[in-house]
Amino acid sequence: MGNSYRVALAGNPNTGKSTLFNALTGLRQHTGNWAGKTVSLAQGNVQYKDKMFNLIDLPGTYSLFSNSSDEEVARNYIVFEKPDVTVVVLDATSLERNFNLALQVLEMTKNVIICINLIDVAEQQGISINERILTNRLGVPVIKISARNKKGFPMLLDTIDRIVTGAIECQPVQTTYADEIEDKIKKIEPKVSELIGNQMSARWVSLRLLDGDEKLLNEINQRYGQKERAE
Amino acid sequence: MSEPKTVKLVDGEKGNLIQITSLNLDGVMRRRLLDLGFVTGAIVEVIRKSPLGDPIAYRVSQTTIALRKEESSRIEGVLMTDGE
Ligand SMILES: Nc1nc2c(ncn2[C@@H]2O[C@H](COP(=O)(O)OP(=O)(O)OP(=O)(O)O)[C@@H](O)[C@H]2O)c(=O)[nH]1
Ligand SMILES: [Mg+2]
């Protein structure tokens, strides 16, 4: 189908990913109150204008460095299965914690939407969030929603639509590291880029290599090694 | 004003606020703790000790997290307030 797009929902545990997923797709996937509830990947469709968005509900994690199988599933989906758009769902009442994962996603892939959920709870707590400033600083759309109250959905769907049509060009902010690390990245990034082409962000893979992430290396070998040898 | 007092998280008393200055661990364990919010500069509150003193619950970045001794003994910080 030419006008079908995959949209992955990522985020910390308990930020309302499944609630958003269910509200948009009309599916009743079981949601729970404690961490790590979503294990297998639920998928469902949303029709929007002339397009079909295939939503994928990723497991909730605090990080994407594959320290656990949940993290590995979410990480691998984003970098290897390459959804057309990745929506990171954040808890509006706990942004500092939630931005750890959000910033990791911004390093991994380009088409990202930062979706700040539980905005109703934040408002009750007197927290106000300026999404324009955040959008400017992060280089990707930031949208406030309340999944439980179905608020903010038209804006979210319209933004997904405008990303897949190319009307919005995401330029995710890249974390700058200490000089020592940046120097090393500069050294290996061209080589990495040569090997993996534009399959994924060479900067991100370089960072993972510097961190000694052997799981990722094995995964890359398994997925792309074959093709490499066939050439 | 007295000298800032450096303590390990494991030695904090209930109610203490400790601002993290260093994590003396590597690899996956370090990564895990960073992801949970135990980063330099973060303020950690000692919530409670279990009867045997292990694990200890801490509050960091609006979440309560229990750490084992082998982790909490390797995180150092400056004591900001005393508990009651
Ligand atoms: N008040 C309020 N509660 C919400 C909102 N969105 C989700 N919740 C509640 O937050 C809780 C967690 O929601 P889930 O959808 O299960 O969260 P999740 O991100 O799928 O969780 P994991 O799968 O464990 O990662 C549920 O009790 C929801 O009803 C919202 O916008 N406002
Ligand atoms: Mg879920």
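The values are calculated or read from the model by the stated rules, or taken from the named source; none is laboratory data. Note that this is a predicted model, so its numbers are computed, not measured. A quick note on method: Cβ atoms are made from the backbone with ideal geometry, for glycine too, and the neighbour counts reach across all protein chains shown. Each accessible area value is taken on the protein alone, full model and side chains, heavy atoms only, with ligands, DNA and RNA left out. Shrake-Rupley method; radii C 1.70, N 1.55, O 1.52, S 1.80 Å.
Excluding same-chain neighbours fewer than eight residues apart, the lysines reachable from residue A:144 by a Cα-Cα span under 16 Å are A:17.
For segment A:179-230, the Kirkwood hydrodynamic radius from C-alpha pairs, put into Stokes-Einstein at 25 °C and a viscosity of 0.890 mPa s, yields a diffusion coefficient of 216 µm² per second. Taking the Cα centre of chain A as reference, the dipole from Cβ charges on Lys and Arg (+1) and Asp and Glu (-1) amounts to some 600 debye. Report summary: the helix-based calculation at 222 nm, which adds -39500 (n - 2.57) for every DSSP H run with n ≥ 4 and divides by the residues of the protein assembly as shown, gives -11000 deg cm²/dmol. Listed by chain and number, the lysines whose alpha-carbon sits under 19 Å from that of residue A:110, ignoring those within fewer than 8 places in the same chain, are A:82.
Rounded to the nearest whole Hz, the Karplus-based 3J(HN,Hα) values (6.51 cos²θ - 1.76 cosθ + 1.60, θ = phi - 60°) of segment A:7-19 follow the sequence 10, 8, 9, 10, x, 5, x, 6, 9, x, 4, 5, 4, with x at glycine and proline.
Computed about the Cα centre, the dipole magnitude for segment A:110-220 is approximately 340 debye when only Lys and Arg (+1) and Asp and Glu (-1) carry charge, each at its Cβ.
Highest mean packing first, where packing is the average number of other Cβ atoms within 10 Å per residue, the peptides A:126-138, A:46-58, B:43-55, A:6-18 line up as A:6-18, A:46-58, B:43-55, A:126-138.
On average, how many beta carbons from a partner chain sit within 10 Å of the beta carbon of a residue in A:95-108?
Averaged over the peptide's residues, the number is 2.
Karplus-derived 3J(HN,Hα) values for segment B:9-16, using 6.51 cos²θ - 1.76 cosθ + 1.60 with θ = phi - 60°, are 4, 4, 8, x, 9, 3, x, 5 Hz; glycine and proline are entered as x. Here is the list for segment A:138-231: chymotrypsin sites (Phe, Trp or Tyr not before Pro) lying in DSSP coil, each with at most 13 other C-beta atoms within 10 angstrom of its C-beta, are A:177. Share of pairwise Cα-Cα distances greater than 27 Å in segment A:4-164 is 14 percent (whole percent).
When every Cα-Cα distance of the protein assembly as shown is counted in 20 angstrom steps from zero, the calculated P(r) takes the values 29, 56, 15, 0 percent. For segment B:5-80, the spherically averaged projection of the C-alpha convex hull amounts to 4.2 nm². Shielding value for B:31-37 is 5, the average number of Cβ atoms from other chains within 10 Å of each residue's Cβ. Placing A:189, B:3, B:70 in order of accessible area, with the largest value first and a 1.4 Å probe, yields B:3, B:70, A:189.
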